Amino acid sequence: MNGPQDLGGRMGFGPVAPEANEPLFHAPWEARALGITLACGALGHWNLDESRHARETLGPAVYYSSSYYEIWTRALMVLLQRHGLVSAGELAAGQAEAASPHPKRLTADRVPGVLARGTPYDRPLTASPRFAPGDRVRTRNAHPRGHTRLPTYLAGHLGVIESDHGGFVLPDSNAHGLGEAPGRLYTVVFDGVEVWGHDGEPGLTISADLWEGYLENA
Amino acid sequence: MPHDHHDHDHDNHLEPMDARVRALETILTRKGLVDPAAIDTIIDTYAHRVGPQNGAAVVARAWTDPAFAEFLARDATAAVASMGYCGRQGEHVQAVFNTPLQHNVIVCTLCSCYPWSLLGLPPVWYKSPAYRSRVVIEPRAVLAEFGLVLPAGQSVRVWDSTAEMRYLVVPMRPAGTEGWAPEALAALVTRESMVGTGLPQVPA
């Protein structure tokens, strides 16, 4: 979706302002927000793509006025309600009746294993590749209303296939509970002038990792 | 954006968010959905075990061990796993090597994808709309805000992390470090140098 998250080339956000000796967390609640987000994800009711889509659909005003852990927390509350784990009434009241543990509740002893395994997203494919390194491709001029990982600044542009990573879970499907629908993932390289005309810095090259379904022959 | 202006952030966001997250954790704990001890362990992992020291060890080894550097270039996921670095937000890794002709910079314009297993949690600037919007159109201007001015003859390649590939920049080894042990070299490798917004420290 052409939502507030789709930031490549947007203007008006000011300087980057990196913070010297930045602390890992800027307040204790940020650490707890990280922890509860990961722990709730481990319950298995949603996947990473649905999480990302919940964040990008918070609305532009909320997205741009919230810190990243605030975005995570707000999206987590959406996901908990959508999947029937917590009610709006419970969130409003700030309390809930005690319940027995969820069968997949993440316990401290399981944390190292869960974090060390991660969630690999590569999948076997039977179809042979449509494109090979060196092929010229054009990204689709696509503007889906749902989740996608083709940024708008790269939609409809000419690029060159650099590498083939094999099959990966397709976020456009997986985010909406429509299955993993794995597709082939390529690194595609774009010349800065192709993307920005002469309004980008000279000599710039950009690459992105794009699914086969995002690409057409050029 | 909020974290770019910290004092302002304190006034407007921190205390309501503190209360909101406390209430949420209480509800989730009562309902048997989270275990506060597990949250402590997650926080401890990223505070003490998984951070940019991991990526720095990989870079220092690549500088000193040509066979490992070749392995890292060919199959970074396996190469970093051989050093024990794997897992969440590092399931699929590619290493990109700076050269005198090309400097590499990593971004995620669509969210904040970052190689957690090698660099830990991303800094606020990496997640900020300012960085994510600008580095794909004017990277040199952005790098200058980090104090990094590249030579005119070195082109810039920006890698937008739009899928589950996670990128580690391998900076060029600083001059004057001939014969240094990997442990001493790793101390020169900053987080920013592995994202492409900085260079390794120069030995004194």
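Rule-based calculations on the coordinates, nothing more; no lab input. Note that the structure is a prediction, hence the values are computed from the model and not measured. Methodologically, a virtual Cβ is constructed for each residue, glycine included, from the backbone with ideal geometry; neighbour enumeration extends over all protein chains shown.
Considering (1) among the polar types (S, T, N, Q); (2) away from every other protein chain (no Cβ under 13 Å); (3) in contact with an Asp or Glu (Cβ under 9 Å, 6 or more places away or on another chain), say which one B:Thr177 fails and leave the rest.
In the conditions (1) among the polar types (S, T, N, Q); (2) away from every other protein chain (no Cβ under 13 Å); (3) in contact with an Asp or Glu (Cβ under 9 Å, 6 or more places away or on another chain), B:Thr177 misses (3) alone.
Where the second residue is assigned to a helix (DSSP H, G or I) and the first is among the aromatic types (Phe, Trp, Tyr) and lies in the stretch B:179-204, which pairs have Cβ atoms under 9 Å and are six or more apart or on separate chains?
Partner pairs satisfying both residue conditions: B:Trp180/B:Ala60; B:Trp180/B:Trp63; B:Trp180/B:Thr64.
Taking into account only those residues within the stretch B:117-172 that are hydroxyl-bearing (Ser, Thr, Tyr) and touching a Gly at 6+ places or on another chain (Cβ under 8 Å), which is nearest to B:Thr77 (Cα to Cα)?
It comes out as B:Ser117.
Restricting the search to the stretch A:166-218, which residues are in a loop (DSSP other than H, G, I, E, B), without any contact (Cβ under 8 Å) to a residue 24 or more places away in the chain and either surrounded by 16 or more Cβ atoms within 10 Å (Cβ to Cβ) or in contact with an Asp or Glu (Cβ under 9 Å, 6 or more places away or on another chain) (or both)?
A:Leu178, A:Ala181, A:Gly200, A:Glu201, A:Gly203
To keep it simple, each residue is scored yes or no on (1) surrounded by fewer than 22 Cβ atoms within 10 Å (Cβ to Cβ); (2) within 9 Å of chain B (Cβ to nearest Cβ); (3) within 21 Å of the chain's Cα centre (by Cα).
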position: A:Val16; (1), (2), (3): no, yes, no
position: A:Glu22; (1), (2), (3): yes, yes, no
position: A:Phe25; (1), (2), (3): yes, yes, no
position: A:Pro28; (1), (2), (3): yes, yes, no
position: A:Ser67; (1), (2), (3): no, yes, yes
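May I ask you to verify whether B:Thr45 is within 30 Å of B:Ala184 (Cβ to Cβ), within 14 Å of chain A (Cβ to nearest Cβ) and among the β-branched types (Val, Ile, Thr)?
Values: within 30 Å of B:Ala184 (Cβ to Cβ): yes; within 14 Å of chain A (Cβ to nearest Cβ): yes; among the β-branched types (Val, Ile, Thr): yes.
Taking the combined requirement at face value, the residue satisfies it.
In the stretch B:112-138, what residues are touching a Ser or Thr at 6+ places or on another chain (Cβ under 9 Å) and not small (Gly, Ala, Ser)?
B:Cys113, B:Tyr114, B:Pro115, B:Pro122, B:Val124, B:Trp125, B:Tyr126, B:Lys127, B:Tyr131, B:Arg132, B:Val135, B:Val136
Look at B:Glu70 and say whether it is in contact with an Asp or Glu (Cβ under 9 Å, 6 or more places away or on another chain) and among the charged types (D, E, K, R). Spell out the reasoning first.
On the way: in contact with an Asp or Glu (Cβ under 9 Å, 6 or more places away or on another chain): no; among the charged types (D, E, K, R): yes.
In short, no.
Starting from residues that are in contact with a Ser or Thr (Cβ under 9 Å, 6 or more places away or on another chain) and small (Gly, Ala, Ser), keep the ones in the stretch A:184-217 and report whichever is farthest from A:Ser51 (Cα to Cα).
A:Gly203
Restrict the check to the stretch A:120-136 and report whether at least one residue is closer than 29 Å to B:Ala141 by Cβ, within 13 Å of another protein chain (Cβ to nearest Cβ) and among the acidic types (Asp, Glu).
Within the stretch A:120-136, none of the residues are closer than 29 Å to B:Ala141 by Cβ, within 13 Å of another protein chain (Cβ to nearest Cβ) and among the acidic types (Asp, Glu).
Where residues in the stretch A:116-131 are under 24 Å from the mean Cα position of the chain (by Cα) and touching a residue at least 24 places away in the same chain (Cβ under 8 Å), which of them is nearest to B:Asp44 (Cα to Cα)?
A:Thr119
Out of all the residues in the stretch B:168-185, which are of a type in the set (A, V, I, L, M, F, W, C) and within 15 Å of the chain's Cα centre (by Cα)?
Selection gives B:Leu168, B:Val169, B:Val170.
Take B:Gly120 and tell me if it is among the small types (Gly, Ala, Ser) and touching a Phe, Trp or Tyr at 6+ places or on another chain (Cβ under 8 Å).
yes
Taking the stretch A:69-107 on its own, how many of its residues are assigned to a helix (DSSP H, G or I), more than 7 Å from chain B (Cβ to nearest Cβ) and touching a His at 6+ places or on another chain (Cβ under 9 Å)?
5
Output the number of the condition that A:Ala127 fails; it satisfies all remaining conditions of (1) more than 27 Å from B:Gln89 (Cβ to Cβ); (2) part of a helix (DSSP H, G or I); (3) of a type outside the set (Val, Ile, Thr).
All conditions pass for A:Ala127, except number (2).
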